[in-house]
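Novice: Got a structure for you, written out below as structure tokens; questions coming shortly.
The values are calculated or read from the model by the stated rules, or taken from the named source; none is laboratory data. Owing to the predicted nature of the structure, the values given are computational and were not obtained by experimental measurement. Using ideal geometry, Cβ is built from the backbone for each residue, glycine included, and neighbour counts are taken over all protein chains shown.
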Amino acid sequence: MSATATLHAGRLKTAVDELKARRGSPPWAERIVANDRFVVTVICQQPGHLNDWHYHVVEECWYVHEGALSWTIEGEPEPVHVGTGEWILAPANRFHLIQVHGDRPAIRVAVSVAGEPHRHTRADRPVIYHLTSASEWRSARQAGDYRVSTLGTTLDQVGFVHCSRAGQVAGVANRFYREQTDLVLLTIDEQRVRPEVRYEAVPGSAEPFPHVYGPLNLDAVVEVTPFAPGPSGAFHFEASEEVTPPARP
């Protein structure tokens, strides 16, 4: 057993209430058991807390002891919401992101394989998307980088470039771009984006959106396609249309 774990041969039990009393206000995390095969960690975080977008080469699971959380998992059409007394599994090799909801801290128990880190890069990492006008894209190509945040606002005004995952594109288009014409959809290889990409909560949405915190380098854009509404005037974009970015040279 690891000397840093709470439980070991000389101490065989503990309680979450004991951890809460000793640790105090979140955020905090404490390893309960750690050996050369698995690690059990109790994690306490405040509402709104977002963890990083990552994956593991082996499965990981959690038990929710208190509060409400969601797991945004690659390949799932919407976030999986998990409450007190429920378990959730993150399959191997699928990116996931955990968010705390509600009005009180959440406590979860993570069971993971020893020595398995958070992995952030993968050859076929899912791409992200950005809607813009054809004229804005032409201007970016002339300028050498892209500095529009979203419809009618610049990177300098907002601080980041709004982007979407595949399952978010149609919702964004129908909410903000219904009267716009001459739109194009930028497909962005996140691994090629030079500025930091953060997955953050946005008002009115239960799931986080990717934000690019700096000018978007043009070589990160792997595809530009016209984006027009259907006959009803509504935009449609299916997750199955998601493309895998080409390999780096």
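Novice: Looking at this structure, is Arg122 of a type in the set (D, E, K, R) and outside any loop (DSSP other than H, G, I, E, B)?
Specialist: Details: of a type in the set (D, E, K, R): yes; outside any loop (DSSP other than H, G, I, E, B): no.
For Arg122, the condition - of a type in the set (D, E, K, R) and outside any loop (DSSP other than H, G, I, E, B) - is not met.
Novice: Which ones in region 164-184 are among the small types (Gly, Ala, Ser) and either within 18 Å of Ala206 (Cβ to Cβ) or assigned by TED's automatic domain parsing to the domain that holds Pro77 (or both)? Lay out the reasoning, then the answer.
Specialist: Start the filter on region 164-184 by keeping residues that are among the small types (Gly, Ala, Ser), which leaves 164, 166-167, 170-171, 173.
Ser164, Ala166, Gly167, Ala170, Gly171 - these are the residues of region 164-184 that are among the small types (Gly, Ala, Ser) and either within 18 Å of Ala206 (Cβ to Cβ) or assigned by TED's automatic domain parsing to the domain that holds Pro77 (or both).
Novice: Same structure again: Take the conditions out of contact with any helix residue (DSSP H, G or I) (no Cβ under 6 Å at 6 or more places or on another chain) and assigned to a strand (DSSP E or B) and apply them to Glu179. Does it pass? Walk me through how you get there before you give the answer.
Specialist: Values: out of contact with any helix residue (DSSP H, G or I) (no Cβ under 6 Å at 6 or more places or on another chain): yes; assigned to a strand (DSSP E or B): no.
No.
Novice: Any chance region 167-181 includes a residue that's of a type in the set (Ser, Thr, Tyr), at pLDDT below 90 and closer than 23 Å to Ser70 by Cα?
Specialist: No, every residue in region 167-181 fails to be of a type in the set (Ser, Thr, Tyr), at pLDDT below 90 and closer than 23 Å to Ser70 by Cα.
Novice: Given Val58, Val33, which one is part of a strand (DSSP E or B) and surrounded by 11 or more Cβ atoms within 10 Å (Cβ to Cβ)?
Specialist: On the way: Val58 fails: part of a strand (DSSP E or B).
Residue meeting the stated conditions: Val33.
Novice: Kindly indicate the residue of region 213-223 that is free of Cβ contacts under 8 Å to residues at least 60 places away in the same chain and within 19 Å of the chain's Cα centre (by Cα) and also surrounded by the fewest Cβ atoms within 10 Å (Cβ to Cβ) among those meeting that condition. Reasoning before the result, please.
Specialist: Of region 213-223, the ones free of Cβ contacts under 8 Å to residues at least 60 places away in the same chain are 213-214, 219-220, 223.
Filter once more, so that each one left must be within 19 Å of the chain's Cα centre (by Cα): 213-214, 220.
Numbers: Tyr213: 14, Gly214: 16, Ala220: 23.
The selected residue is Tyr213.
Novice: Shifting gears a bit: Where residues in region 116-134 are of a type in the set (Ser, Thr, Tyr) and at pLDDT 95 or above, which of them is nearest to His211 (Cα to Cα)? Break it down stepwise before answering.
Specialist: Residues of region 116-134 of a type in the set (Ser, Thr, Tyr): 121, 129, 132-133.
Filter once more, so that each one left must be at pLDDT 95 or above: 129, 132-133.
Numbers: Tyr129: 10, Thr132: 15, Ser133: 18 Å.
This residue is Tyr129.
Every residue, every condition in (1) exposed (fewer than 15 other Cβ atoms within 10 Å of the Cβ); (2) of a type outside the set (S, T, N, Q), yes or no:
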{"position": "Ile107", "(1), (2)": "no, yes"}
{"position": "Val111", "(1), (2)": "no, yes"}
{"position": "His118", "(1), (2)": "yes, yes"}
{"position": "Asp124", "(1), (2)": "yes, yes"}
{"position": "Tyr129", "(1), (2)": "no, yes"}
{"position": "Ser133", "(1), (2)": "no, no"}
{"position": "Trp137", "(1), (2)": "no, yes"}
{"position": "Arg141", "(1), (2)": "yes, yes"}
{"position": "Tyr146", "(1), (2)": "no, yes"}
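Novice: Kindly indicate whether Pro117 is touching a Gly at 6+ places or on another chain (Cβ under 7 Å) and part of a loop (DSSP other than H, G, I, E, B). Quick ask: steps written out before the conclusion?
Specialist: On the way: touching a Gly at 6+ places or on another chain (Cβ under 7 Å): no; part of a loop (DSSP other than H, G, I, E, B): yes.
No; evaluated as a whole, the condition is false for this residue.
Novice: Which condition number does Gln191 fail, the rest of (1) assigned to a helix (DSSP H, G or I); (2) of a type outside the set (A, V, I, L, M); (3) over 15 Å from the mean Cα position of the chain (by Cα) being met?
Specialist: Answer for Gln191: the failing condition is (3).
Novice: Still on this structure, I have one more. If Thr244 satisfies every condition in (1) at pLDDT below 95; (2) touching a Ser or Thr at 6+ places or on another chain (Cβ under 8 Å) but one, which is the exception?
Specialist: (2) is the only condition that Thr244 fails.
Novice: Let me ask something additional. Can you name the residue in region 194-241 that is of a type in the set (Asp, Glu) and either more than 25 Å from Gly75 (Cβ to Cβ) or part of a loop (DSSP other than H, G, I, E, B) (or both) and is also modelled with the lowest pLDDT among such residues?
Specialist: First, pick out the residues of region 194-241 that are of a type in the set (Asp, Glu): 196, 200, 207, 219, 223, 238, 241.
Cutting the leftovers down to either more than 25 Å from Gly75 (Cβ to Cβ) or part of a loop (DSSP other than H, G, I, E, B) (or both) gives us 207, 219, 238.
On the way: Glu207: 82, Asp219: 91, Glu238: 76.
The residue in question is Glu238.
Novice: Would you confirm, using the coordinates I've provided, whether Gly48 is at positive phi, under 21 Å from the mean Cα position of the chain (by Cα) and of a type outside the set (A, V, I, L, M)?
Specialist: Numbers: at positive phi: yes; under 21 Å from the mean Cα position of the chain (by Cα): yes; of a type outside the set (A, V, I, L, M): yes.
So Gly48 passes the test.
Novice: Report the residue count in region 201-212 for those that are in contact (Cβ under 8 Å) with a residue 12 or more places away in the chain and under 16 Å from His130 (Cα atoms).
Specialist: 5
Novice: Could you list all residues from region 62-99 that are over 23 Å from Ile128 (Cα atoms) and of a type in the set (A, V, I, L, M)?
Specialist: Of region 62-99, the ones over 23 Å from Ile128 (Cα atoms) are 62-69, 82-89.
Scanning region 62-99 gives Val64, Ala68, Leu69, Val82, Ile88, Leu89.
Novice: Could you run through region 1-30 and say how many residues are part of a loop (DSSP other than H, G, I, E, B), of a type outside the set (S, T, N, Q) and surrounded by fewer than 14 Cβ atoms within 10 Å (Cβ to Cβ)? Explain how you work it out, then say what you get.
Specialist: Within region 1-30, the subset part of a loop (DSSP other than H, G, I, E, B) is 1-7, 9-10, 12-15, 24-27.
Restricting the remaining residues to those that are of a type outside the set (S, T, N, Q) gives 1, 3, 5, 7, 9-10, 12-13, 15, 24, 26-27.
From what is left, the residues that are surrounded by fewer than 14 Cβ atoms within 10 Å (Cβ to Cβ) are 1, 3, 9-10, 12-13, 15, 24, 27.
So the count comes out to 9.
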